[in-house]
Amino acid sequence: MDESGETQGEEGQEDGGQDGCRCTTVHVLDIGHCTATSSCRYRDEQDIRDLAIHIIGDAPPPNWLRIENANLIPKVVTLLIPGLTNELLCLPPISTSPLVNPNVPIPIPLPSKPGSTTGVPFIASTFSHACPTRAPGDQSRMHSILNSFFTIPLSTTEKTKRDAMTKIVLSAERQHRGGPSQYLLTLEQMIENDYPIPSYMADVFQKPEGWLETPEEPKDMVRDPNQERKIYAIDCEMCITEDGKELTRISMIDFESGKVVYDQLVKPTKPITDYLTRWSGITAEALAHVTTTLADVQQHIMPLSPLLHRYRVIFHHPRGRPLKPGLAWLTKKWCGREIQMRGEGGHDPEEDARACGDLLKKKIENGPGFGEFKTDYESIFERMGAVVDHGNPTVMHGAKATSSIGCKDDDEVLKGVLEALPSHDFVFGRFMGLANLLGWITPKSTDGPPPPVPAPSPEQLAATVDTLNTQLKALHAALPSRTALIIFTGHSDPRRMAALNGRKNAFESAIRSGKLTDELAPEERWSAADVRDLEASVEITKRGLLFLGVKP
């Protein structure tokens, strides 16, 4: 699939296998002295990642693509653009028929539909074929596209080195057990985990409204090394107001004694739009006569905690970073008891705070290595690259990147990719404008299926597609010669899958709370037909497209 849109090659025969008819069509890229041969079946995010690492890094060649003289490709730019659907690109729809092989590469461009105002000319003029892809997941859900792309398996040599170092560290920890202070967050860890930074630790500080901070510990303060600071476990419950999340209850537990030292319901400053009762346990009745405000709470707890103690995330998710484990899972795994079992009644902040304290005690008793999972994977950025993404990628998939650039919109993503390109061999960027317009990116529903998002008008869609096309043209024009450009869509429309999973979760929650199936309305029940509908929707959602090319 070359930059001119022309494909050289010969078609091989199709043979049957355990997946049915498999395409063995061979495509040849001949760009200068760089030649690549591709056998295109559907690809997943790991295939795309391995291709990028092979070109730039030290990974072995992928088994689905042969590249000759790959050293002549100096840079790789990989773009994730959800929302680029088959329909939008005027390509045949995804087939769900068992008689049709969905993995055959799709020639582009095809003739536009009569009267069509959509289509991305850049895609049609730059790539000759679209390779079908399939996102990770199981029968009922799609797994994280980003996590699959950004994590790579450790080599045998790296695992051996890691295991040897782990034995040395654990041995040292058993001999020198420290107190809670060894788990204090550093400034770098606070930034990485998106914690608010106190004014005395920040280079630039703008005081938010209602901000109150504990004072800095005097640098000349003499502390008994055998005396630990006073420690409290704190848990807060929140609700949604017109201004976003606000505090509705706070509980504090003394770490040493386990006694409750403070437990208070709190009245938000703005009208509540969602009590989040399913998680917070807060209801309108509970707050009806509450007059305590956030400012009151701040004044109450300041005397209890004169210094700011910052504890890092000291337990790992079993699948490694950037994923973070839930408190209920941690408590069951490491403390052997279950919490948050009140169903629709929500969480008990006192119970949660006590669990936090008990987990810290376990950590102190067993050493820093306790509760950590030594996965056989590492971030792709351990080896190379920059990430440019919406939000704050530093706290997630960009934590290990040489450069991690957070953006507010696609214009900033384009600017960030172009700024990162001169100093990096590998750059990842994500354009989200199209997916946002289509309603693919929605906040997590608090109860049941996510709310429907109105479809954009043809004029809105055409304008957004035109903007994306302009951005891609500008990026491509700025790429150095022989730069590999990889564009993948990740998945198809996830809304049907999300709606069905919302219904399924609401049904399971109702059953856990003690309700019988007969007590539920017909639309609240979950049947075998719904299971089949969900599985079919998940399979369609997992399908995406991949475009490969090298700039002449």
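Once the convex hull of the alpha carbons of the stretch 241-282 is built, what does its volume come to per residue, in cubic angstrom?
78
Of F255, P271, V297, which is farthest along the charge dipole of the stretch 248-300 in the positive direction, counting Lys and Arg as +1 and Asp and Glu as -1 at C-beta?
The residue sitting most towards the positive pole is P271.
So how do 412-425, 205-218, 44-57 stack up, highest first, on mean other-Cβ count within 10 Å?
44-57, 412-425, 205-218
Longer than 20 Å from Cα to Cα, which of K473/K551; K161/K333; K75/K473; K259/K362; K324/K542 are they? Say none if no pair is.
Checking Cα-Cα distances, K161/K333; K324/K542 exceed 20 Å.
Which order do peptides 254-264, 489-499 fall in by mean Cβ count within 10 Å, highest first?
Highest-to-lowest ranking by the protection proxy: 489-499, 254-264.
For the stretch 473-489 and the stretch 243-290, what is the centre-to-centre distance using only Cα atoms, to the nearest Å?
Cα centroid of the stretch 473-489 versus Cα centroid of the stretch 243-290: 50 Å apart.
Place a +1 charge on the Cβ of each Lys and Arg in the stretch 474-552 and a -1 charge on the Cβ of each Asp and Glu, then give the dipole magnitude about the Cα centre in debye, rounded to the nearest 20.
Roughly 560 debye, rounded to the nearest 20.
Return the tail of the calculated pair distribution for the stretch 410-546, meaning the percent of Cα-Cα pairs more than 17 Å apart.
Every Cα pair in the stretch 410-546 considered, those over 17 Å come to 70 percent.
Would you work out the relative contact order for the stretch 477-547, in percent, from Cα pairs under 8 angstrom that are 6 or more residues apart?
Computed value for the stretch 477-547: 61 percent relative contact order.
Every read-out reported here was derived from the displayed coordinates using simple, explicitly stated rules and does not represent laboratory data. These numbers come from a predicted model, not from an experiment. Note that each Cβ is placed from the backbone with ideal geometry, even for glycine, and that neighbours are counted across all protein chains shown.
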